[in-house]
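Notes to accompany the following structure.
The values are calculated or read from the model by the stated rules, or taken from the named source; none is laboratory data. This structure is a prediction, so every number in the text was calculated from the model and none was measured. Neighbour counts run over all protein chains shown; Cβ positions are idealised from the backbone, glycine included.
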Amino acid sequence: MLHYLAELLVVVFGVYLGFMANNYAAELKQKEYVNTTIKEMYQSLEEDAKDAEINKGGHLGGQKAVQYFINLSNNKAVSMDSFELYLFAVLTRSFMSIQNSSPFEAIKAKGFDVITNDSLRKNMIKLYDFQYEGLEKLEEKYQETQFYANEGNRINEILAHSVLYDDDGKFIKVNLPLRIDEKDRNRLILILKRIKFNRGFIVSYYDSIIQDIQKLRKQLEKEYPFVLQK
C-alpha cells in the first residue's frame, strides 16, 4: 500500500508541477505580448503627436487665410500670388484624424487588468477612448467644422464678380475695391469669423491631445523602461 501510495503521490505531484509550468509559460507569454504591445504603443504615440502637429499647423494656416480674406474684404493690398492657394487649398480645407489605436485595442482585448498602474490605465482610456474619438468626430463628422461643405460655395459666389481670369483660365488678379455691396461684405466677414473661431477651437483641442500624448509617453517610460531600448 505504501508503494502504491508513493506512486500516486509522485503522479499527483508531477501533474501539479506540469500545471504550474503551463501556467508559468502562459504568464510569460502574456507578459511578453503585453510588453511588445506597450512598446508599439509608445512608438505609435510619437507618430500620433507628429500627425496632430501637422493637422494643427493646417488649422493655423486656415486662420492665416482668414486674415488674408478679411484684409481683402477691407480692400487692403494683399499678395495676389497667394490668392488661389489660400482660397482653394487653405481657407476651407478640412483634415482627417489619423491615430493608431491598434495597441490600445489589443490591450483592451486582453483586459485592462494587465496594466497594473491605475493612473496609467486611466490616462490610456482617456486618450484613446475619449479624446481620439472626439477628435475624429470634430474633424470629420461635426457639421460646423466641415468648412468647404458649409462655406465654400458662398465664398466663391461673393468673390466671383471681383476675380479676373484670362481666356485660358489663368488667374490674373482680384479687383480692388471688391465688386460687392455692403450686405455681401458683411456676409463674407461673418463667414470668415466663424471659420476662424471654429479653427481656434480645434487648435486648442489638438494642444490638449498633444500634451496628453506626451504625458502618457512619460508614464510609459517610467512604468516600462524597456520602451526606451532600440
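Output the residues belonging to segment 162-191 that are more than 17 Å from Y86 (Cβ to Cβ) and within 36 Å of the chain's Cα centre (by Cα).
Scanning segment 162-191 gives D184, R185, N186, R187, L190.
Regarding segment 96-106, can at least one residue be identified that is closer than 30 Å to E223 by Cα, assigned to a helix (DSSP H, G or I) and among the charged types (D, E, K, R)?
Yes: segment 96-106 contains one or more residues that are closer than 30 Å to E223 by Cα, assigned to a helix (DSSP H, G or I) and among the charged types (D, E, K, R).
Looking at R217, R185, R179, R154, can you tell me which residue is surrounded by 13 or more Cβ atoms within 10 Å (Cβ to Cβ), free of Cβ contacts under 8 Å to residues at least 24 places away in the same chain and of a type outside the set (F, W, Y)?
Of R217, R185, R179, R154, the one residue that is surrounded by 13 or more Cβ atoms within 10 Å (Cβ to Cβ), free of Cβ contacts under 8 Å to residues at least 24 places away in the same chain and of a type outside the set (F, W, Y) is R179.
Just a yes or no: is a residue in segment 163-170 free of Cβ contacts under 8 Å to residues at least 60 places away in the same chain and in a helix (DSSP H, G or I)?
There is no residue in segment 163-170 that is free of Cβ contacts under 8 Å to residues at least 60 places away in the same chain and in a helix (DSSP H, G or I).
Out of segment 192-210, which residues are within 12 Å of the chain's Cα centre (by Cα) and either polar (S, T, N, Q) or surrounded by 15 or more Cβ atoms within 10 Å (Cβ to Cβ) (or both)?
Listed by number, the residues that qualify are I202, V203, Y205, Y206, S208, I209, I210.
Which members of segment 87-113 meet the condition of being aromatic (F, W, Y) and modelled with pLDDT of 90 or more?
F88, F95, F104
So if I check each of L192, L159, L178, L188, which one is over 30 Å from Y42 (Cβ atoms), outside any helix (DSSP H, G or I) and of a type in the set (A, V, I, L, M, F, W, C)?
Unique residue meeting the criteria: L178.
Rundown of residues vs (1) at pLDDT 95 or above; (2) of a type in the set (F, W, Y), yes/no style:
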{"residue": "I54", "(1), (2)": "yes, no"}
{"residue": "G57", "(1), (2)": "yes, no"}
{"residue": "L60", "(1), (2)": "yes, no"}
{"residue": "K64", "(1), (2)": "yes, no"}
{"residue": "Y68", "(1), (2)": "yes, yes"}
{"residue": "N71", "(1), (2)": "yes, no"}
{"residue": "K76", "(1), (2)": "no, no"}
{"residue": "L85", "(1), (2)": "yes, no"}
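Here are S44, S94, S82, S101: which of them is surrounded by fewer than 19 Cβ atoms within 10 Å (Cβ to Cβ), within 13 Å of the chain's Cα centre (by Cα) and closer than 21 Å to I191 by Cα?
Exactly one residue qualifies, and that residue is S94.
Among the numbered conditions (1) exposed (fewer than 13 other Cβ atoms within 10 Å of the Cβ); (2) farther than 20 Å from Q214 by Cβ; (3) without any contact (Cβ under 8 Å) to a residue 40 or more places away in the chain; (4) not polar (S, T, N, Q), tell me where K173 comes up short.
Unmet for K173, out of (1) exposed (fewer than 13 other Cβ atoms within 10 Å of the Cβ); (2) farther than 20 Å from Q214 by Cβ; (3) without any contact (Cβ under 8 Å) to a residue 40 or more places away in the chain; (4) not polar (S, T, N, Q): (3).
Can we say P177 is out of contact with any His (no Cβ under 8 Å at 6 or more places or on another chain) and within 24 Å of F88 (Cα to Cα)?
Criteria met by P177.
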